[in-house]
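Here is the structure we will look at.
The values are calculated or read from the model by the stated rules, or taken from the named source; none is laboratory data. Because the structure is a prediction, the values reported are computed rather than measured. All Cβ positions, glycine included, derive from the backbone under ideal geometry; neighbour counts span all protein chains shown.
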Amino acid sequence: MKTLPWLLTVLTSCAALAQDNIGFERGTFEGWTLSYGNVHENGFVTLFRNERAGTLNMGHKITSAADGPDPRVGIATVAAGSSYSARIGNSSTGSYYDKISTTFVATQEKSLFQYKFAVVLQDPGHPTFKQPAFSILVQIDGEKAPCGFYEVAAGRGIPGFKEKSNLIYRDWTTGSIDLRQYIGKKITISIRAQDCTEGGHWGYAYFDAELIKSEIRTGVYCQEDSTIILKAPDGFAAYEWFNGQKTNQIKTKFNKNSAVFVKVKPFSSLDENCEIRFEFNPATDVQVVSYPFTACEGDILKLSGQTIRATKSETTYVRIPRAGYCDSIVTVHLKVNSRGLLNQKLTICEGDVVKVGSRTYNKSGVYSDTLKRINQCDSIVNTTLMVVALTRYAAKVTMCEEETYMLGDTAIKHGGVYTRRIKRANLCDSVTTIDLSVRLLPRIGISKSICQGDSLMVGNTALKKSGVHLVGVKRPRDCDSLVTVHLTVFEPLPDKEFIKKTQYSLMLGDSVLLTGKPNVAGDFSYDWLPTVGCINCPDIMVKPLDDITYTITYNKGTSCERSIPIKVTVKPCPFFFPDVFTPNGDKQNDTFKVFCGCLERIEQFIVFNRWGEPIHSGKDMSVDTPLWDGMYEDKIAADGPYSFLIGLRYLNGKTDKKRGTVYLMR
């Protein structure tokens, strides 16, 4: 859109002078002076002392809509229509007052000072001169201005105030000071909020202000009109127009020969006697301008809010409203130059883009773009775009471990879901998604031994050397197997005898070491039958109970295997008993016992006297058990020889009976 900047100067009123920060529009206290001090009373008079520049305990704060309502009485913390306001004072106690002030020079454009305030005060019930309070003071060159002072101290029944518990508060109220008779003079504004003089109660207020022109606004009268809308400044308690109407805005027939005015009064609780009168003096000048303009076809011309579309060369008339002035009539002599035009149809693949000027497109549709050209009218490019979707393919694939799957130019060795864009000559690419599963190869571990010169076939692989071999074995229609072979290659065994001994003998109950280690050098494996609990041992310790033949096999399971029998003969152990025992209680040789190192049990024992009569017997006794203590019928038997019969069970389970004679001597 093109703009005619010179028309804004010709057709509208001059821009208003820049406003200062009197209404805190910048969100700061810039232009204001902040101070605080102590409040006292003396002789029924409130005194303000020790004024210092700055702020104390957040006694000055800029408020915005984001702060929400007042937390104690719920009124807004920002005046209606404003972005920012100021809070003077706080809810802390301590006999302090907080104050803001500013000074400016009254001008025709700043001839009405309007302010808005809201007040929150605690009411402790002190005398008035001790109560929390709020005041506004306007001074002209240092003197209090007429209608320029408002002050209120906490109390009950104050006009304009509401009560809540021990609080009194006043919602936002507007006041005005007419400065037209003080043009060029220095105006000073001071706003103060104070605690009670006793130091235990507080008060604070919200404040906002603006400087505007003292006038009836928005009224326009032109030669061709007779009805106008007149609007007085907002913020007054009462309005009375020249024709008796009571609203702040009226619509009326206008006679330029009659006086047009409005009288306004402030709110009664400020000072209703401070009446202000505003006069209306309309402008009736008419501005007529003629302007030649060259545009490109389709351009939009903006003339102070009104638009003209450049479709053809022509002369047109535009009426432009002016606030406070009669409308202007603009004659526009318009010359329209045509634009370049290009219509194109394009086809692309999904994911590709088409760039037209500075814009890119990747979806089917019809697009129109204006391309800038230097010193020429822009060109129009109309593009009909068709986007061809990519071919999409998805599959589940299974491969064996250690294989590689090629997805386009990507080599994949691990299971997972993979998506790749595959290039295709003269066609749109395809997007392929593969759900790849990898089957683990069966793994088998075996241990084998062979004779030197032999070989072990694992699949199609012949193994001949000792060591650990990893061999892949092909399987039809299935993944290969991985076989780990622990292979031992033995030296061939000699044909002649090569161990030291093949015959052993021992007493029943004894042990013997069978030596199977050969006399020749080399690595061998050993296996004994019957098994003895030792794996691959060349020598074994045995304790047989009967004659037995052990067989040692060298390199079992190989082509060089050899077995040798080793015979072990078991001899009975000797049987011994004493010839004499003396059961006299001296704890030496008091009982009769037999001695044999290979007995398991004594199954029977009988003692006979010289006439062959049994006088003592026992059954199933342990080997260490005394067989006879020499007693017969509770007395020690007479000295002399005694015969006995003993039944024995050996460790190998065999039994025997022996007879003998022992001499009893007391």
Answer yes or no: is there a residue in region 134-147 that is in contact with a Ser or Thr (Cβ under 7 Å, 6 or more places away or on another chain) and on the phi < 0 side of the Ramachandran plot. yes
For ILE606, indicate whether it is under 30 Å from PRO544 (Cβ atoms) and either among the aliphatic types (A, V, I, L, M) or surrounded by 15 or more Cβ atoms within 10 Å (Cβ to Cβ) (or both). no
Can you pull out the residues in region 377-432 that are on the phi > 0 side of the Ramachandran plot and modelled with pLDDT of 90 or more? GLY416
Report whether or not LYS99 is at pLDDT 95 or above, over 25 Å from SER165 (Cβ atoms) and not small (Gly, Ala, Ser). yes
Evaluate the following for VAL356: is it surrounded by 14 or more Cβ atoms within 10 Å (Cβ to Cβ) and at negative phi? yes
Which residue out of VAL438, VAL431, VAL397 is under 34 Å from the mean Cα position of the chain (by Cα), aliphatic (A, V, I, L, M) and over 30 Å from ASP523 (Cα atoms)? VAL431
Scan of region 375-406 for residues that are touching a residue at least 24 places away in the same chain (Cβ under 8 Å), more than 30 Å from ASP299 (Cα to Cα) and among the hydroxyl-bearing types (Ser, Thr, Tyr), ordered by number: THR391, TYR393, THR398, TYR405
Those residues of region 638-651 that are surrounded by 15 or more Cβ atoms within 10 Å (Cβ to Cβ) and either part of a loop (DSSP other than H, G, I, E, B) or not assigned by TED's automatic domain parsing to the domain that holds ILE606 (or both) come to a total of 1
Would a scan of region 433-450 turn up a residue that is farther than 26 Å from THR484 by Cα and β-branched (Val, Ile, Thr)? yes
Outside any strand (DSSP E or B), touching a Phe, Trp or Tyr at 6+ places or on another chain (Cβ under 8 Å), surrounded by fewer than 16 Cβ atoms within 10 Å (Cβ to Cβ) and among the charged types (D, E, K, R): is that true of ASP590 in this structure? yes
Only residues that are over 24 Å from ASP234 (Cβ atoms) and under 54 Å from the mean Cα position of the chain (by Cα): list them for region 133-163, please. ALA133, ALA154, GLU163
Would you mention how many residues in region 472-490 are of a type in the set (A, V, I, L, M), buried (at least 18 other Cβ atoms within 10 Å of the Cβ) and more than 18 Å from GLY557 (Cα to Cα)? 1
Just name the residue that is nearest to ARG192 (Cα to Cα) out of those in region 90-125 that are charged (D, E, K, R) and outside any strand (DSSP E or B). ASP123
Give the residues of region 281-303 that are closer than 17 Å to VAL330 by Cβ and at pLDDT below 70, sorted by residue number. ASP285, VAL286, GLN287, VAL288
Residues of region 195-221 satisfying the condition of being part of a strand (DSSP E or B), of a type in the set (D, E, K, R) and either closer than 20 Å to PRO71 by Cα or modelled with pLDDT of 90 or more (or both): ASP208, GLU210
Condition test on LYS130, is it within 28 Å of GLY43 (Cα to Cα), more than 54 Å from the chain's Cα centre (by Cα) and buried (at least 19 other Cβ atoms within 10 Å of the Cβ)? yes
Take the residues in region 538-582 that are in a strand (DSSP E or B) and aromatic (Phe, Trp, Tyr); name whichever of them is modelled with the lowest pLDDT. PHE576
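Condition check ((1) more than 18 Å from LEU651 (Cα to Cα); (2) surrounded by 11 or more Cβ atoms within 10 Å (Cβ to Cβ); (3) without any contact (Cβ under 8 Å) to a residue 24 or more places away in the chain; (4) not assigned by TED's automatic domain parsing to the domain that holds THR558) across all residues:
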position: LEU513; (1), (2), (3), (4): yes, no, no, no
position: ASP523; (1), (2), (3), (4): yes, yes, no, no
position: LEU529; (1), (2), (3), (4): yes, yes, no, no
position: CYS537; (1), (2), (3), (4): yes, yes, yes, no
position: VAL542; (1), (2), (3), (4): no, yes, no, no
I'd like to check something: does region 472-487 contain any residue that is closer than 30 Å to CYS534 by Cβ and either of a type in the set (Ser, Thr, Tyr) or outside any strand (DSSP E or B) (or both)? yes
Checked against (1) closer than 30 Å to LYS654 by Cα; (2) surrounded by fewer than 16 Cβ atoms within 10 Å (Cβ to Cβ), TYR504 satisfies every condition except (2)
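A quick yes/no check of all residues on (1) in a helix (DSSP H, G or I); (2) on the phi > 0 side of the Ramachandran plot; (3) at pLDDT 85 or above:
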| position | (1), (2), (3) |
| --- | --- |
| GLY235 | no, yes, no |
| GLU240 | no, no, yes |
| ASN243 | no, no, yes |
| THR247 | no, no, yes |
| THR252 | no, no, no |
| VAL264 | no, no, yes |
| ASN273 | no, no, no |
All positions within region 133-170 that are among the charged types (D, E, K, R) and surrounded by fewer than 17 Cβ atoms within 10 Å (Cβ to Cβ): ASP141, GLU143, LYS144, GLU151, ARG156, LYS162, GLU163, LYS164
